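Notes for the one structure printed next.
The values are calculated or read from the model by the stated rules, or taken from the named source; none is laboratory data. If you're wondering where the values come from, they're calculated on a predicted model, not measured in any experiment. Here the Cβ is made from the backbone with ideal geometry for all residues, glycine too, and neighbour counts use every protein chain on show.
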Amino acid sequence: MRSLNDREPIQPGDDAPDFAFAYGGATHRLFDFRGSPVVLAFHGAEWDPARAEHIETYNKLIASLGGVAGARLLQIGGAGPWRDLSFTDAALSLPVLAADSAVARQYGVGSEPAVFVIDAGGVVRWSQVGPMSLVSPTDVARAISVVAAPFVHEPTASTGEPNEAPSAGWTRRDFVATALAAAFALALRPVEAHAERAARLAAPASTVRPVTLTVNGRQLSLSLEPRVTLLDALREYAGLTGSKKGCDHGQCGACTVHIDGRRELSCLTFAVMQEGRRITTIEGLASGEQLHPMQQAFITNDGFQCGYCTSGQVMSAVAVLDEPWGPTDDDVREAMSGNICRCGAYPGIVAAVQEVRRAQATNGGGNRQ
Ligand code: FES
Ligand code: FES
């Protein structure tokens with residue numbers, strides 16, 4: 001057994017180092033989970049379980065796994081580095097830790113994602129540190145089997161018989177736990193997919209150059225080939241997927257962003273041309289939890305259905321009110337004609353723009369950005 005102070009990752013067979021964490025107003029310790037398998041996950045710098053696309057992926061994976069009906073990602077929150085992912089089965093917990101935390105160092109984890117599967121006795125049975133290769137069926141199966149192993153043929157206290165589902169040797173709880181281990185492993189896949197996609201898009205090293213973009217008030221340092229569009233730079237390299245790719249040919253408006261306060265089609269401009277300019281995407285429109293008035297007006301007026309065009313519509317709508325268009329509904333339709341909505345949410349969109357126009361007239365103010 002190695003010292004807890006080792007910086008080498010904790011290995012299968014090691015006791016899982018105990019640690020304390022505060023959550024829900026109480027202090028817990030890992031040892032409190034004895035009796036249940038625990039999947040301890042450290043997310044890498046790029047993986048953010050709060051990101052909608054990751055939540056969606058996670059829930060899809062969990063929902064698609066047999067035997068975990070109803071086990072959904074219910075809550076993400078908590079102070080400090082802890083995010084407690086609670087599931088409907090109260091016996092389970094899937095703690096996720098920031099990879100730069102003191103606990104990560106305790107486990108020998110750096111900035112990379114890592115997963116430790118800890119059995120009910122507190123022993124690490126399986127681990128994966130670094131880029132996730134555990135999407136291979138063999139690795140996932142191994143993760144499942146090692147968590148389930150302590151429960152196979154475990155007699156129940158009341159009957160002395162093997163516990164429920166003796167033919168499989170698993171209780172429902174065991175299966176949920178192991179399925180979650182596999183699901184979490186797979187859920188980390190978007191990080192890899194993102195990196196692979198970026199690598200595919202990347203040009204030969206000789207043509208890549210450093211590009212600094214100012215997006216939503218932040219400086220983003222990217223390495224881009226000159227032909228990368230601003231839309232691809234935002235979505236594929238910066239992880240800002242709010243701007244949508246509808247046509248990629250300047251005909252639908254789904255990719256609309258603001259550059260120096262004016263609306264632009266990000267699919268029609270190269271990222272390298274935008275250095276030194278102020279880029280605002282839909283992610284930068286709200287002020288913290290406070291929606292931009294146009295975002296709120298789209299909600300109030302049912303200005304969207306599937307939502308695919310909505311970020312572009314909102315960005316255009318905000319800009320339109322700073323452009324020299326007339327005030328009528330027909331003027332709004334004309335001004336917004338470059339933004340296509342396949343769902344036909346146009347009446348609500350026009351109503352939203354007009355609502356914000358009236359509010360601005362009443363308040364005597366312009367657009368807030
Ligand atoms: Fe840019 Fe359609 S994706 S206009
Ligand atoms: Fe579906 Fe516009 S809301 S495309």
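Restricting CYS341, CYS267 to those that are in a loop (DSSP other than H, G, I, E, B), without any contact (Cβ under 8 Å) to a residue 40 or more places away in the chain and not polar (S, T, N, Q) reduces the list to CYS341. Among the residues making up segment 225-264, those that are in a helix (DSSP H, G or I) and either within 13 Å of ligand 1 (Cβ to nearest atom) or under 17 Å from VAL314 (Cα atoms) (or both) are LEU230, LEU231, ASP232, LEU234, ARG235. Each residue in segment 246-258 was checked for being on the phi < 0 side of the Ramachandran plot and surrounded by fewer than 17 Cβ atoms within 10 Å (Cβ to Cβ), and 3 pass. Regarding segment 307-322, can at least one residue be identified that is away from ligand 2 (no atom under 16 Å from the Cβ), modelled with pLDDT of 95 or more and exposed (fewer than 14 other Cβ atoms within 10 Å of the Cβ)? No, segment 307-322 contains no residue that is away from ligand 2 (no atom under 16 Å from the Cβ), modelled with pLDDT of 95 or more and exposed (fewer than 14 other Cβ atoms within 10 Å of the Cβ). Looking at the structure I just gave you, is VAL318 in contact (Cβ under 8 Å) with a residue 40 or more places away in the chain, more than 15 Å from ligand 1 (Cβ to nearest atom) and among the hydrophobic types (A, V, I, L, M, F, W, C)? Taking the combined requirement at face value, the residue satisfies it.
Checking each residue in segment 290-328 for being among the hydroxyl-bearing types (Ser, Thr, Tyr) and assigned to a loop (DSSP other than H, G, I, E, B) picks out TYR308, THR328. Return the residues of segment 209-233 that are of a type in the set (A, V, I, L, M, F, W, C) and in contact (Cβ under 8 Å) with a residue 40 or more places away in the chain; say none if nothing qualifies. Passing the criteria: VAL211, LEU213, VAL215, LEU222, LEU224, VAL228, LEU230. Figure legend. Inter-residue proximity from segment 20-34: first residues within 19 Å of ARG105 (Cβ to Cβ), second residues surrounded by 11 or more Cβ atoms within 10 Å (Cβ to Cβ) and at pLDDT below 65, beta-carbon distance below 6 Å, spacing 6+ or different chains. Indicated pairs: PHE21/TRP82.
Residues in segment 234-243 that are without any contact (Cβ under 8 Å) to a residue 40 or more places away in the chain and touching a strand residue (DSSP E or B) at 6+ places or on another chain (Cβ under 6 Å): 2 in all. Selection of segment 221-267 for residues being away from ligand 2 (no atom under 16 Å from the Cβ), touching a Phe, Trp or Tyr at 6+ places or on another chain (Cβ under 8 Å) and among the aliphatic types (A, V, I, L, M) yields LEU222, LEU224, VAL228, LEU230.
Residues in segment 273-296 that are surrounded by fewer than 19 Cβ atoms within 10 Å (Cβ to Cβ), among the aliphatic types (A, V, I, L, M) and either under 22 Å from the mean Cα position of the chain (by Cα) or away from ligand 1 (no atom under 16 Å from the Cβ) (or both): ALA286, LEU291.
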